[in-house]
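Accompanying notes for the structure given below.
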Amino acid sequence: MIDDTVAAVSTPRGKGGVAMLRVSGSQALQICERVFCPHNQKRLTQMPARQAIYGKILAPDASGEWRSVDDGIATCFRAPASFTGEDTVEICCHGGILLTQTVLSALIAAGARPAEAGEFTRRAFLNGKLGLSAAEALGDILEAQSAEQLALAHNGMQGKVSARVGEIYDSMCKILASIYVKIDYPDEDLEDMNREEMLAALDACEASLLDLIKTYRTGHAIAEGIATVICGKPNVGKSSLYNRILGRDAAIVTDVEGTTRDILSDSATLGRVTLRLFDTAGLHRTEDAVEKIGIERARKALTDAELILAVFDGSRAPDGEDLLLAEELATSSATVIALLNKSDLGACEDAFYRAHFAHVIPISVQSGEGFSVLSDTVEQLFCDGSLDTRHDAILSNARQHGAAFAALCALRAAQKGLRDGLATDLCCTDVEAAMRALSELDGRAVTEDIISQIFSHFCVGK
């Protein structure tokens, strides 16, 4: 039970036309009555819910006397019909920085506590107004930087993942109920399912879980982003490619070898996919001590990459260093795309590259030629084209994927036990473990540590 009342500014810090402050908790209406006085002379607690009320905003002065500091609007939302499930009041004032802070200080003086990061959404979750996956999706909406991320986050807010998980969970409940019947009444013919029917039901649950788990590759590519490393010899156009994908001049580009000596990183969108992009130092032999450090960091980045964009000078025939790089990348666990840059200067014979790489794309960083092919290729490699990010249940983060995979492992243990002829009661523990993992996925049962970690990433006021 949450028994205190919190307040925070819910609009971004800075000067603006309007600022909005949110108060939520059992004493929200009573606290706001001290700060807000409706112009119709009624008390705020007497005003109807969900109606914008015009009035004066009060704050204590240096002597402790409450005086009018602004005119504004208050809207009351009574429990449980509010975002948090608690009594909630939203007060809008003029958006001056000092004024906004003065109103917040007045709310705290009236009895509210400053809200922590994500506390309003956390209260909504704890009060059963949001599932955990929907709460995470709300955080993703706040952080969205592309239309595809926004669509996926909105999908999560609609409870598509929660509904899909609920279907699988309910199916497991029926299986577990049959196992319990057999345990409790071994001599009675009361079981809903025999062993073969249980196996068939578990197989159906496994298929549903696998389908859900497979969506994570797409969800990860859109929401979390693909760790993408740009590599190649000096002066093949790596930093120019980095700038082209970002859409701005983030990296210094010169004709001098070794200009990039450290790793540059940023996020960018390529088609539907989000790239966590890393521009690295040119890979070649050098005696420069500083450049050697940059090259070692580049090689370390390659080991952690999910996607490698290997840039070559496509206007020249490959040389020994190109061969060494191709052989090095052949052992990488990442997806590798060879980009033959400077294709506008005249393409060389690409048979060498096609013999070493599964994906070869001629491009011109200068003109933009080939970038639509690159975008389509990356999307095909990391996104399932059959998934609709607006309507299908899609796992969008590692926590959800980990819980779903744990459920799958436990489910398969139960299947194996039944197939090996173990007593049904011995398989009961594995089915329960699968259900617990699914409960963690959507918050039916989740630890306080996980809850705190999730909501710590939210901004204050949400």
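What the table below lists for this structure:
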item	result
Rounded Å value of the spacing that divides the Cα centres of the stretch 100-147 and the stretch 197-226	30
Neighbourhood net charge (14 Å Cβ-Cβ; Lys/Arg +1, Asp/Glu -1) for Leu270	-2
Relative packing of peptides 430-436, 164-170 - highest average C-beta neighbours within 10 Å first	430-436, 164-170
Highest-first arrangement of 335-342, 382-389, 267-274, where packing means the average Cβ count within 10 Å	335-342, 267-274, 382-389
Cβ crowding within 10 Å averaged over residues, with 317-325, 361-369 ranked highest first	361-369, 317-325
Residues whose placed amide H lies under 5 Å from that of Arg113, excluding near-sequence neighbours	Thr5, Val6, Ala7
Gain upon complete extension [Ala49, Leu323; 0.36 nm per residue less C-alpha separation]	91.5 nm
Estimated 222 nm signal from helices in the chain, with DSSP H stretches of n ≥ 4 weighted -39500 (n - 2.57), rounded to 500	-14000 deg cm²/dmol
Simple label model, 7 Å out from Cα along Cβ direction - Ile141 to Asp420, nm	4.7
Separation of the Ala62 and Ala413 label points, Cα + 7 Å toward Cβ, nm	6.8
Amide proton proximity set for Ser267, modelled H, under 5 Å, gap of 5+	Leu277
Above-threshold pairs, the threshold being 21 Å between Cα atoms, out of Lys15/Lys42; Lys238/Lys300; Lys233/Lys300; Lys42/Lys129; Lys160/Lys214	Lys15/Lys42; Lys42/Lys129
Local electrostatic count, Ser208, Cβ distance below 9 Å [Lys/Arg +1, Asp/Glu -1]	-2
Nonlocal amide H pairs with Asp384, under 5 Å, H built at 1.01 Å	Thr218
Residue-wise HN-Hα coupling along the stretch 4-21, computed from phi with Karplus coefficients 6.51, -1.76, 1.60 (Hz; x: Gly, Pro)	10, 10, 10, 9, 6, 7, 9, 9, x, 5, x, 6, x, x, 9, 10, 10, 10
Shape call, the chain: gyration tensor on alpha carbons, a/c limit 1.5	oblate
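Every read-out reported here was derived from the displayed coordinates using simple, explicitly stated rules and does not represent laboratory data. These numbers come from a predicted model, not from an experiment. All Cβ positions, glycine included, derive from the backbone under ideal geometry; neighbour counts span all protein chains shown.
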